[in-house]
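All remarks here apply to the structure that follows.
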Amino acid sequence: MIAPYKWMCDYVDMDIAPNELMQRLIMTGSEVDGFEQLGQHLKKVVVGKILSIEKHQDADKLSVCNVDIGSEVLQVVCGADNIFEGAIVPVATIGANLPGGFKIKKGKIRGVYSHGMLCSGGELELTDADYAGADVDGIMILGDDLELGSYLRDVLGLTDTVFEIEVGANRPDCMSVLGISRECAAALGKQIALPDISFTESGGDINDYLKVTVKDPELCERYIARAIKNVKIGPSPKWLKERLISAGVRSINNIVDITNFVMLETGQPMHAFDYKDIRGKEIIVRRAHNGEIIKTLDDKDRTLTDDMLLICDAEGPIAIAGVMGGANSEIKNDTATIIFESAKFSQANTRRTSRSLGLPTESAMRFSKGIDTVGTKIAMDRALHLIEKLGAGEIVSGEIDVLSADTSSRQVTASAKKINSRLGTDLTAAQMAEYLQKVFIKTEVNGDTLTSDIPSFRGDITLAEDISEEVARMFGYDNIPSTKMVGEVIRGIIPAEERIVDRIKSTLVSLGCFESVTYSFAAMSELNKLGLAGKDKRRTMLKIINPLGDEQGYMRTSPVPDILKVVSNNLKKKVLQVRLFENGRVFFPTGDDTELPEEHKYICIALCGDEDFFSLKGIVENLLLSFGIKETKLVPEASVYYHPGRAASLYIDGEKAGELGEIHPDVSSAYEIDKRVFVAELSLHAIMNAADDAKKYEVLPRFPAAERDLALTLNKSVPAGDVLDCIKQNGGEFFESAELFDVYTGNQLGADKKSLAFSIVFRAKERTLLDEEANAARDAVVAAAGEAFGAKIRG
């Protein structure tokens, strides 16, 4: 927030220097970034008049000018071709320091002395916003009515000191010169002179001019309209221009300047409509229709959605509520009657609309932070006062005020004892009331109880704790005594889930993976890319009420799209070997729109490059083994976005714990990936539930093992995992372990057959196992496999 010092002096009698005022504001809780003296780069730049122009004797493109600067006539060499005798121009005299570190010195140019420089707007860092004609290509030509020798900074009104103040989200009242002035008055212990809001009506009836209908009172809590007739469009007076310029706002004309002045002064955005452009003589505040278009004041067509609020006439939109007016009703030189608008629009809706349209206007910023409902009326009256003061028009009698918000006064009670307890102070209730009065909070004392009437512009004060804060900052944070901390020190404990997540991350990093972090938001188009749209109701994504954008409008139901995007980005950056993992959440709808979605935490792993399914399987198995999870099973089934026959579901203790496999080529192509990608989705809760951290130790075997290799021929459709389970279940008392080491298919086996080769280990703990016993155990396995799967020993 830019707060000009002279402007604030209109309301508060400030008799201290800007640097001291800054310190006072800081000590009472205002975040002041600093202050700046305007026009520093224009020191020693004065107004001059060209008396004569002669060609330079040794340079065709240079001229020698005699320039009257009031106190003397200077000889200046100039190379511009737009100068003429009698022109009023800015003159940088000897010693001037221009922008860019350029210092003006006396010197010769091609043998002719030059005692200054005639300046262009660009050389002075000025534009048409500062002075009409500053953007011209050549020397800046000033008005004929200026006094020769006067400083250009005085001419431009750049004589003020401005403070730059960071306004917190809880203090929207400070988004105005008047709001900062209140803080100054409080810091200095001064009174504040509120601006005059009196005016005289000229007759007539606004209801004969206009009808206002608010169709969505939740998004528009108050809408005030007034009419001004016999409008005289013209330039604003010097004092008004200077106030606007000091705040960094360009003067346009008296009507527009009044709306800008009131917004800067009170924090209430206003808008003026040309009455003749309001079709049907009716204003309707409603939501936009999807695809509706409005041309805004910046001459751009804006396509709207049905969550945006519009100001419309009888035929269509004329402004985007709280953001920007429409080009079809702006103030023009021939405007004769205007409608003033002062309203309160929804904070959240204005913020979303401004962000969606890419229109971060001054109005939108203030509405987004929140404005005072009562102040809406005060701002309107202030604008009407200025209309009358400037003679810019006649105020039609009557006012349209559509109000749905509660404007009744608010009270907050607080205990003086509790305030002292919070602050570590020893103040009396009467002293606290005095401090609160300084910040314009009228407070009554009844014993230990403070009853405060909260001003409408202090919407941030709702609790006794807020009263404590006001007392603290007015008492002075530096005056609060230091006290020792009191309390019990408790050793912090990391929750079990966080410890497991940390172990998972550490394990995956040790396996060569890098962690990625993505948003939990997604676009509806992701379901189409995965081939899930309309196929899985559980995958239906939940729409976010206030999304960051169209690409992040829903809560994701799968981690796969985001990790594929990260893989794709890495490949585009020429990363040849990609190993990634992410720990995050997915959100499944419950079927009831009133209930929160089910949140499921997952670990997602992605491999791309010189990788295959078994690389991914190995990482998953190592991860599970680090948690003592040994009994797992892979079943050849997976979601549609996996490659058929190259993916499986992972089961732990009979519960599905995730999926892993190669991503379908069509899905990879949708994410601009031209390589094979392998992904695993693992449930964090399944890992937590099955984790076994118990350490079990066994005596090393004293007797040798008997190993038997077994090759079985069976149908291709039989999963190897099922055969392995059969071996474990039927291996007998001497069974120790079994491992698949070969899979073979060939014409000699038959088109629908395959051979699975297992290495089986048998061992007796108390003696050496006999060959006959090992063979018998092997034969039992063969018999069981034959009965269960029709398996036969491969010949």
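Quick notes on this one:
- Count of residues meeting criterion [among the small types (G, A, S), within 29 Å of the chain's Cα centre (by Cα) and open to solvent by 20 Å² or more (accessible area, probe 1.4 Å)] in the stretch 320-358: 5
- Breaking point among (1) touching a helix residue (DSSP H, G or I) at 6+ places or on another chain (Cβ under 7 Å); (2) on the phi < 0 side of the Ramachandran plot, for D299: (2)
- Pairs meeting the criteria (first residue in the stretch 598-624 and over 14 Å from A648 (Cβ atoms) and part of a loop (DSSP other than H, G, I, E, B), second residue open to solvent by less than 10 Å² (accessible area, probe 1.4 Å) and of a type in the set (V, I, T), beta carbons under 8 Å, at least 6 apart or on different chains) are G609/V578.
- Boolean, V501 is part of a helix (DSSP H, G or I), outside the structural domain of N420 (by TED's automatic domain parsing) and over 30 Å from S452 (Cβ atoms): yes
- Here A686 qualifies as assigned to a helix (DSSP H, G or I), touching a residue at least 12 places away in the same chain (Cβ under 8 Å) and surrounded by 14 or more Cβ atoms within 10 Å (Cβ to Cβ).
- Among the conditions (1) farther than 17 Å from A321 by Cβ; (2) surrounded by 22 or more Cβ atoms within 10 Å (Cβ to Cβ), P235 misses just one, which is (2).
- Odd one out for R763, checked against (1) modelled with pLDDT of 90 or more; (2) in contact with a strand residue (DSSP E or B) (Cβ under 9 Å, 6 or more places away or on another chain); (3) open to solvent by 90 Å² or more (accessible area, probe 1.4 Å): (3)
- Candidates G661, G654, filtered to the one that is open to solvent by 20 Å² or more (accessible area, probe 1.4 Å), over 18 Å from K505 (Cβ atoms) and either without any contact (Cβ under 8 Å) to a residue 60 or more places away in the chain or more than 36 Å from the chain's Cα centre (by Cα) (or both): G654
- Every residue from the stretch 564-597 that is acidic (D, E), part of a strand (DSSP E or B) and either over 30 Å from D674 (Cα atoms) or open to solvent by 50 Å² or more (accessible area, probe 1.4 Å) (or both): none
- Test for S452: is it outside any strand (DSSP E or B) and either touching an Asp or Glu at 6+ places or on another chain (Cβ under 7 Å) or among the hydroxyl-bearing types (S, T, Y) (or both): no
- Single condition G248 does not satisfy, out of (1) buried (at least 16 other Cβ atoms within 10 Å of the Cβ); (2) in contact with a strand residue (DSSP E or B) (Cβ under 7 Å, 6 or more places away or on another chain): (1)
- Scope the stretch 625-673; condition aliphatic (A, V, I, L, M) and part of a strand (DSSP E or B); matching residues: L634, V635, A647, A648, L650, I652, A657, L660, I663
- Strands (runs of 3 or more DSSP E) fully within the stretch 171-284 counting 2 or more residues that are over 30 Å from A132 (Cα atoms) and assigned by TED's automatic domain parsing to the domain that holds D334: 211-214, 220-229
- The criterion of being free of Cβ contacts under 8 Å to residues at least 40 places away in the same chain and part of a helix (DSSP H, G or I) does not hold for D145.
- Selected residue (criterion: nearest to I441 (Cα to Cα)) from residues of the stretch 473-508 that are open to solvent by 70 Å² or more (accessible area, probe 1.4 Å) and modelled with pLDDT of 90 or more: E498
- Any chance A392 is among the aliphatic types (A, V, I, L, M) and buried (at least 24 other Cβ atoms within 10 Å of the Cβ): no
The values are calculated or read from the model by the stated rules, or taken from the named source; none is laboratory data. For clarity, every value in this text was computed on a predicted model and none was experimentally measured. Positions of Cβ are backbone-derived with ideal geometry, glycine not excepted, and every protein chain shown enters the neighbour counts. Side chains are part of the model used for accessible areas, which takes the heavy atoms of the whole protein and leaves out ligands, DNA and RNA. Shrake-Rupley method; radii C 1.70, N 1.55, O 1.52, S 1.80 Å.
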